[in-house]
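One structure is given here, and the rest of the page talks about it.
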Amino acid sequence: MWDYSEKVLDHYRNPRNVGTMDDADLIGEAGSLACGDSLKLFIKLDGNKIKDAKFLTFGCGSAVASSSILTEMIIGKTLDEVKKITNKDIADQLGGLPQQKMHCSVMGREALEDALKKFYGEDSDEWKEIDLSGKAESADKVICNCFNVTEKQILEAIEVNKLKTVEEVTDYTKAGGACGQCKGLIQHIIDEYWEKQGEAKPLTQTQKVLQINKVLVQQISPQLQKDGGDIELIDIDGDKVKVKLTGVCSGCKNASMTLKNFVESILKEKVDSNIEVEQVG
């Protein structure tokens, strides 16, 4: 069962500004019934300020709550103010959303973005400021055919929410959540984005295990053998590495603790700063 905030439950049970608007100046749409969630956002302008907003949505409670809070967030604001709203802002206003429901806040942002795109014109300088992905035409390429999710949508979700795994992208955009054939492409987009930010892509668990073994065999074990000791890898569980110190290394409790810290510091430096070493045996 999902853990919803009181504000999410309130906006789900008592949604604000539900309905259509015959004289709407702007209409934004996101999602589709075929994909399970859809949102239609109606906006009435008074000059450059949003005078009123209404919505119609088909989806879960999180979709209703996200749409409802979005209308409250934009009414009374100028277009310059609302164009800065991100899906994270929508989720934060609700007191947070379960990770698996973050795509509902993304849908709200996309509907608002669609309305603003129609207002400014896709080739205008104002629209280019709104386009968070910074990508050209290739960003419109559909990556997930099951949910019709484009590369631009994936990149925007990664940038705004600092996503680093395929599972996180699925939670925020639904991409990869059906047949799964696009997961390889999604991973490539993630890796490419973070490499451009100057961050190395995170190691997979298999890569981490191989790297730990390599450091133990090639760097740590030779150092211990000089003093008549050695180290044996017992198990790796996530970031926890279980090792057994042998020979002279196992004879003194205080020395063993010092050596454990030595092993941990090397693994943190060479493999992953989150590694914790546990001595067994």
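Reported count of residues in the range 192-211, each being in a loop (DSSP other than H, G, I, E, B) and within 19 Å of E264 (Cβ to Cβ), is 1. Right, I90: among the aliphatic types (A, V, I, L, M) and either in contact with a Phe, Trp or Tyr (Cβ under 6 Å, 6 or more places away or on another chain) or surrounded by 20 or more Cβ atoms within 10 Å (Cβ to Cβ) (or both) or not? Against the criterion (among the aliphatic types (A, V, I, L, M) and either in contact with a Phe, Trp or Tyr (Cβ under 6 Å, 6 or more places away or on another chain) or surrounded by 20 or more Cβ atoms within 10 Å (Cβ to Cβ) (or both)), I90 qualifies.
A count restricted to the range 212-229 and to residues that are touching a strand residue (DSSP E or B) at 6+ places or on another chain (Cβ under 7 Å) and not in a loop (DSSP other than H, G, I, E, B) stands at 7. Based on this model, can you work out whether V209 counts as touching a strand residue (DSSP E or B) at 6+ places or on another chain (Cβ under 8 Å), at pLDDT 90 or above, hydrophobic (A, V, I, L, M, F, W, C) and more than 12 Å from L259 (Cβ to Cβ)? Judged against the criteria, V209 is not a match. Condition first: part of a loop (DSSP other than H, G, I, E, B) and in contact with a Lys or Arg (Cβ under 8 Å, 6 or more places away or on another chain). Can you find one or more residues in the range 147-158 that meet it? Yes.
The set of residues from the range 61-117 being more than 22 Å from V169 (Cβ to Cβ) and of a type in the set (D, E, K, R) comprises E72, K77, D80, E81, K83, K84, K117.
The values are calculated or read from the model by the stated rules, or taken from the named source; none is laboratory data. Remember, it's a predicted structure, so these values are computed and weren't measured experimentally. Counting neighbours? That spans all protein chains shown, and the Cβs are built from the backbone with ideal geometry, glycine included.
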